[in-house]
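Enquirer: Below you will find the structure I want to go over with you.
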Amino acid sequence: MRKTTPSILRPSHRTNGHFKPLVNLTGTPKSLPRTPCTPGSFSRDLSHVLESQERELENRRSSMIIMDVLLAELNTERAAKNDDIQKLKIYLCSNV
């Protein structure tokens with residue numbers, strides 16, 4: 001039985017007794033940077049990122065609560081002004 005040689009190491013492409021690869025099949029050319037190994041401080045960095053995201057979420061929640069309060073006050077003021085406008089319309093119509 002004949003042993004098959006991978007296409008990147010074909011005997012017809014020998015150079016001085018060494019195999020010359022046809023194609024780099026690793027998927028990453030040497031000119032492109034490879035993904036670095038996970039550093040030991042990854043878990044600390046991740047917890048720092050998670051903490052900052054939690055703070056940001058809390059800030060957004062508090063901003064939403066403040067906006068809801070302001071919107072409620074604005075709606076109350078609008079309703080009061082609409083009531084005043086209706087009273088003025090009634091007053092003006094009755095005096096005509």
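Just so you know, all these numbers are worked out from the coordinates, no wet-lab data involved. Model, not experiment: these values are computed from the prediction. All Cβ positions, glycine included, derive from the backbone under ideal geometry; neighbour counts span all protein chains shown.
Enquirer: With labels modelled as points extended 7 Å from the Cα through the Cβ direction, what inter-label distance (nm, one decimal) is found for D68 paired with S52?
Expert: In this crude label model, D68 to S52 measures out at 2.9 nm.
Enquirer: Could you compute the net charge surrounding T76? Neighbours are other residues with a C-beta less than 14 Å from the C-beta of T76; K and R count +1, D and E count -1.
Expert: My count for the surroundings of T76 gives -3.
Enquirer: Placing +1 at every Lys and Arg Cβ and -1 at every Asp and Glu Cβ, with all other atoms neutral, what dipole size does the stretch 51-96 have around its Cα centre, in debye to the nearest 20?
Expert: Working: 7 positive and 9 negative charges, 84 e Å.
Here the stretch 51-96 has a charge dipole of around 400 debye.
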